[in-house]
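Below: the structure, in structure tokens.
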Amino acid sequence: MLAEIVGRLGGEVVGNPEVTIKQVATLESAGPGDIAFLAQRKYRPQLRATRAAAVILAHAERDVTVLPRILCADPYLYFARVSMLLNPPQEVESGIHPSAVIEPGTHIAASARIGPGCHIGRRAEVGEGACIDAGCAIGDDARIGEASRLHPSVVVYARCVIGRRAIVHSGVVIGADGFGIALDAGQWLKIPQIGRVIIGDDVEIGANTTIDRGALDDTVIGDGVKLDNQIQIGHNVHVGAHTAMAGCVGIAGSARVGRHCTLGGGAIVLGHLELADGVHISAGTLVTKSITRPGTYTGVYPLQENSDWSRTAARLRNIDRLEARIRTLERLVADLHGKE
Amino acid sequence: MLAEIVGRLGGEVVGNPEVTIKQVATLESAGPGDIAFLAQRKYRPQLRATRAAAVILAHAERDVTVLPRILCADPYLYFARVSMLLNPPQEVESGIHPSAVIEPGTHIAASARIGPGCHIGRRAEVGEGACIDAGCAIGDDARIGEASRLHPSVVVYARCVIGRRAIVHSGVVIGADGFGIALDAGQWLKIPQIGRVIIGDDVEIGANTTIDRGALDDTVIGDGVKLDNQIQIGHNVHVGAHTAMAGCVGIAGSARVGRHCTLGGGAIVLGHLELADGVHISAGTLVTKSITRPGTYTGVYPLQENSDWSRTAARLRNIDRLEARIRTLERLVADLHGKE
Amino acid sequence: MLAEIVGRLGGEVVGNPEVTIKQVATLESAGPGDIAFLAQRKYRPQLRATRAAAVILAHAERDVTVLPRILCADPYLYFARVSMLLNPPQEVESGIHPSAVIEPGTHIAASARIGPGCHIGRRAEVGEGACIDAGCAIGDDARIGEASRLHPSVVVYARCVIGRRAIVHSGVVIGADGFGIALDAGQWLKIPQIGRVIIGDDVEIGANTTIDRGALDDTVIGDGVKLDNQIQIGHNVHVGAHTAMAGCVGIAGSARVGRHCTLGGGAIVLGHLELADGVHISAGTLVTKSITRPGTYTGVYPLQENSDWSRTAARLRNIDRLEARIRTLERLVADLHGKE
């Protein structure tokens, strides 16, 4: 019921407060029992056509519909909260599956779950309510915090630490060796990677993302960091609390990314750079120098039809010649002016 | 025998039709029993040197060799068909390996194979002739279509659907949570991802590719789509039928890619964009706006020797100053012309 | 003791040679029992503040500290060697875990280790001292060389070959099908991928990297190649010995990368190209043509604040118009000069 939702989450009901709400949905696909939301004005036509039982609106939108509605300050955030209310995380059935292999000396909390085929290394710790899904491998002396969930096929190398309430998706690898090599007469010598990965609380890590262990010191991921899929975090990187990175980002070794930063998909930060708090990097941008002031930074080649691009790229490659022609003109024009 | 091949696949034999053919090969590495093909004129020198037993040529190339040969309209396509004939998919031995863990309520076809160490969730369905290789995890209520093959270590999350005759390579993750987060006073709130991934028939998915489940509605991959390795498909994306993407492509959330599109390696499509049918994106290109007309689109910084690049990049960064100098010249020249 | 280290690795001790050394560390985090190193002059302030028991310096830096020290030609390389001395690879406990599934006809050396939940295919070979960690899948007829280590959840497809002393990190997939498709009346026909992956000796492969099998011939990775995480190597690629690639690099099909090359993070090499020996590609660079001479090559859009970038990108997109304006000016100025 709308009234219950508002009772828990605040906001104002307009219309029938006893409408039954079972699920969240988009304006377009909502049906009876669904609550939808209007986050941007441009979706108003969809609001008119929706079959939702109720909608979530900003206060200013109070009269744009006759549907039962909740008014609030931030409809998207409110919708997120409603969705969490209606879709609580699945309860974990505690216990160790008989097919899991548990090495000596582990501390696995009684309320934790270890799925089929997992391998838990020596002296590893798994906290209360944590869930390690099928086929995960946890290295010796690693620690998984309370209420954290590792989806199937996650690998955590030895000695790495994951905080509380983490969500780690399938295929994630935490603590593989960083890319530490030294040139020795034309051949590469491997440098042992003896640091760890330390991950704070409330971190989510997307599928197939990799976070390398430190070379000497640790790689550190702050509280509340959200990483999308297929991200690569190099050794000794520090990521500040509440920073979010979209898919396919790469952070090279020893870089330091501040707090409350965002990185768009496919962005790359080179090694040893520092990004201040509150820096936003656009998708597809290569960061080649440290950034000391908050703001949005971009370095993206503009998209063109291929034939236009060919012309533009040729001009760009020869931009030096354009400059030379301008210089010649400047000399000639100065000359002409002088002669007047 | 050449004659048998032509009997099945069409084309014209020139030379001895009873030559024995056991395998396909390149012109360069072919030996007795091998059939090679000439797809481009520039490989003619290799044709002269080849030790192949026979070759596949376009009709127009009829007389470029004395080797036994098949003439056809499209040698590359013909070669592909010959290769399929000579290299049929390995037969699946049906049955559930005793080390697999099968939860209650599943429907696993009698002719399907479940490999060692797999975990099949509650009520999951696996179709006739499907093969789930070692160490895969199939979530509750997921469905794998007839004759589909999942290589080792694939993860399919709950409720996701894969069609018939799919080939899914190792390390693929289907249905992990999309990157849905809402800002709540400087911290990120996770938005439950309650949609699914729906994959059509005849789709191939390369190693370590990830396809996220929808936030509310479903992520949809059309029939005949071919995805290479390490591709990331965000939540709510729709990919039209018969579209092909090369390695390392990223498609951000809610983007819609048309039918019969191609995306080159490492291309990125930003969120919520639409690409029309028949759009071709060059490798390494970031797509920052919707594309409504078919064609080829590019946005790639040209490669240069590093010292040239430094100069070019400095000029580019200051291209505004070039424009200002041109503007000044224009004013001065207009001035001079006026004074004549 | 310093004296022991120098006894094994060479170099000159200055100060007390009997200082006990237990571990390597950075200047910043070193404590008693640690040896640190000074690789670049800019870290001298850290040298002054360090609590390290000893340091490794270049001969020229002999007098910059009073700490016990080792003088050598290349402090970084020396440090790498000390680290290997103090951190030898963990000894492998030989034996096949009872939960591993071993198909008929394998050759597993007595001193090798097969971890829990592994699946070893028919006729596969595992060399002396090799270690296959938990949950790996080795295909039929594959070969893993002596003293190689596969971390958990690695997949090696059928018939692929890994040399001696390889280190393969978790999530790596070797030998998945290359992206070979042929267009057949608007639909994609799969071309069977019947080549293999052949990997030399002393190769390291980072987490979630993928190397595809050849279409007809083999994909070949030379001796001593070092690959970071999340790299994609297409079918039929050849990578020359002692080449190193940073994270997220993509090498498209049939490209040939020379010996002693380096590729920065996120670089992409298009298909069928050739890179000479000793070519260095900067991070984030797309290589669109073959490179025949050693050197450093770059193609990276410069980073700017977003508002500056918008202006620059607009000018770049219209660089043709700038050229036209210059041409007009040139005509006008020639005109004026003529009239003098």
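Nothing in this text is a laboratory measurement; each read-out follows from the coordinates by a stated rule. These numbers were taken from a predicted model, which means no experiment stands behind them. All Cβ positions, glycine included, derive from the backbone under ideal geometry; neighbour counts span all protein chains shown.
In what sequence do A:Tyr157, B:Tyr43 fall when counting other Cβ within 10 Å, fewest first?
B:Tyr43, A:Tyr157
Consider a paramagnetic label point 7 Å from the Cα of C:Ala3 along Cα→Cβ; state which residues of the stretch C:67-97 have an amide N under 16 Å from it.
Hits in the stretch C:67-97 for C:Ala3 at 16 Å: C:68-70.
Using the crude model of +1 on Lys and Arg Cβ and -1 on Asp and Glu Cβ, and no other charge, please compute the dipole size for the protein assembly as shown relative to its Cα centre, in debye to 20.
Around 2420 debye, computed over the protein assembly as shown.
Measuring from a point 7 Å out along Cα→Cβ, what nm distances, shortest first, does A:Ala49 have to its partners in the other copies?
Those separations, rounded to one decimal, come out as 6.3, 6.3 nm.
Only Cα pairs within less than 10 Å get springs; with that Gaussian network setup on chain B, which residue of B:Leu322, B:Leu27, B:Leu303 has the largest fluctuation?
For chain B, modelled as a Gaussian network with Cα springs under 10 Å, the answer is B:Leu322.
Considering only chain C, what is the antiparallel percent among its DSSP beta bridges, to the nearest 5?
The answer is about 10 percent antiparallel.
Treating the point 7 Å from Cα along Cα-beta-carbon as the label, what are the nm separations from B:Gln23 to the other copies, to one decimal?
Computed spacing set for this position: 5.2, 5.2 nm.
Putting +1 on Lys and Arg Cβ atoms and -1 on Asp and Glu Cβ atoms, find which of B:Pro302, B:Gly195, B:Gly266 reaches farthest to the positive end of the dipole of the stretch B:173-319.
B:Pro302
Using only alpha carbon pairs under 8 Å that are at least six residues apart, calculate the relative contact order of the stretch C:95-297 and give it in whole percent.
Working: 735 pairs, mean separation 20.5, N = 203.
The normalised contact order for the stretch C:95-297 reaches 10 percent.
Using each residue's phi in the stretch C:40-57, evaluate 6.51 cos²θ - 1.76 cosθ + 1.60 at θ = phi - 60° and report the 3J(HN,Hα) Karplus result to the nearest Hz, with x for Gly and Pro.
Couplings: 9, 3, 5, 8, 4, x, 5, 5, 4, 8, 5, 9, 4, 6, 7, 9, 10, 10 Hz.
Counting only DSSP beta bridges with both residues in the stretch B:128-191, tell me the antiparallel percent, nearest 5.
Values: 4 of 14 bridges.
Once the DSSP bridges in the stretch B:128-191 are tallied, antiparallel ones form about 30 percent.
What lysines does C:Lys289 reach when the alpha-carbon gap must be under 24 Å and sequence neighbours fewer than 8 apart in one chain are set aside?
Correct list for C:Lys289: B:Lys42, C:Lys226.
Using the Cα centre as the reference, give the magnitude of the dipole from point charges on the C-beta atoms of chain B (Lys, Arg: +1; Asp, Glu: -1; all else neutral), rounded to the nearest 20 debye.
Magnitude of the dipole: close to 880 debye.
Efficiency by 1/(1 + (r/R0)^6): what FRET value for B:Arg41 and C:Ala73, r their Cβ-Cβ distance, R0 = 56 Å, to the nearest 0.05?
0.55
Amide H of C:Leu263: which non-local residues (sequence gap of 5 or more, or other chain) have their own amide H closer than 5 Å, using H built in the peptide plane?
For C:Leu263, the qualifying residues are C:Ala244, C:Met245, C:Ala246, C:Ile281.
Say a label goes 7 Å from Cα toward Cβ at B:Asp277 in every copy; what distances in nm does this one have to the rest, shortest first?
5.3, 5.3
Taking neighbour counts of Cβ atoms within 10 Å as a proxy for exposure, in what order, fewest first, do C:Asp228, A:Asp218, B:Asp308 appear?
B:Asp308, A:Asp218, C:Asp228
What's the FRET efficiency of A:Asp140 with C:Asp320 using the Cβ-Cβ distance as r and R₀ = 56 Å, to the nearest 0.05?
0.35
What are the ³J(HN,Hα) couplings of the stretch A:64-76, residue after residue, when phi is run through the Karplus curve with 6.51, -1.76, 1.60 and θ = phi - 60°? Round to Hz, x for glycine and proline.
For the stretch A:64-76, the Karplus curve yields 7, 8, 9, 5, x, 8, 10, 9, 7, 6, 9, x, 5 Hz.
Report for the stretch B:1-147 the percent antiparallel among DSSP-assigned beta bridges with both residues inside it, nearest 5.
The antiparallel fraction comes to roughly 10 percent.
May I ask you to sort A:Glu305, B:Glu330 by Cβ crowding, counting other Cβ atoms within 10 Å and putting the fewest first?
A:Glu305, B:Glu330
Of C:Pro116, C:Pro88, C:Pro294, which has the largest mean-square fluctuation in a 10 Å C-alpha GNM of chain C?
Maximum among the listed residues: C:Pro88.
Hey, got the dipole for the stretch B:12-65? About the Cα centre, +1 on K and R Cβ, -1 on D and E Cβ, debye to the nearest 20? Working shown, then result.
Details: 7 positive and 6 negative charges, 49 e Å.
Here the size comes out at about 240 debye.
For a quick check: with amide H placed at 1.01 Å from N, whose amide H comes under 5 Å from B:Val154's, ignoring anything fewer than 5 positions away on the same chain?
B:Cys136, B:Ala137, B:Gly171
Taking H as built 1.01 Å from N, whose amide H comes closer than 5 Å to the amide H of B:Ser148, not counting residues under 5 places away?
When sequence neighbours closer than 5 places are left aside, the close amide H contacts are B:Ala130, B:Cys131, B:Arg165, B:Ala166.
Which of rounded, prolate, oblate describes chain B, given a ≥ b ≥ c as roots of the alpha-carbon gyration tensor eigenvalues and a/c under 1.5 marking rounded, otherwise prolate only if a/b is larger than b/c?
Oblate shape, in that a/c is at least 1.5 and b/c is the bigger or equal ratio.
Can you figure out the FRET efficiency of C:Asn16 with A:Lys289, using R₀ = 60 Å and their beta-carbon distance, to the nearest 0.05?
0.90
What's the Kirkwood radius of the protein assembly as shown in Å, using all Cα pairs?
30.6
Using Cα pairs closer than 8 Å and at least 6 residues apart in sequence, work out the relative contact order for chain C, in percent.
6
For B:Gln90 paired with C:Ala60, estimate the spin-label separation in nm (one decimal), with each label point 7 Å from Cα along the Cα-to-Cβ line.
5.8
Residue by residue through the stretch A:178-193, what is 3J(HN,Hα) from phi via Karplus (6.51 cos²θ - 1.76 cosθ + 1.60, θ = phi - 60°)? Round to whole Hz and write x for glycine and proline.
My calculation for the stretch A:178-193 gives x, 8, x, 9, 10, 7, 10, 6, x, 10, 9, 9, 6, 9, x, 9 Hz in order.
So how many Å³ per residue does the convex hull of the Cα atoms of the stretch C:275-327 work out to? Before the final figure, lay out each step's value.
Values: hull volume 6.3 nm³, N = 53.
Measuring per residue, one finds 120 Å³ for the Cα hull of the stretch C:275-327.
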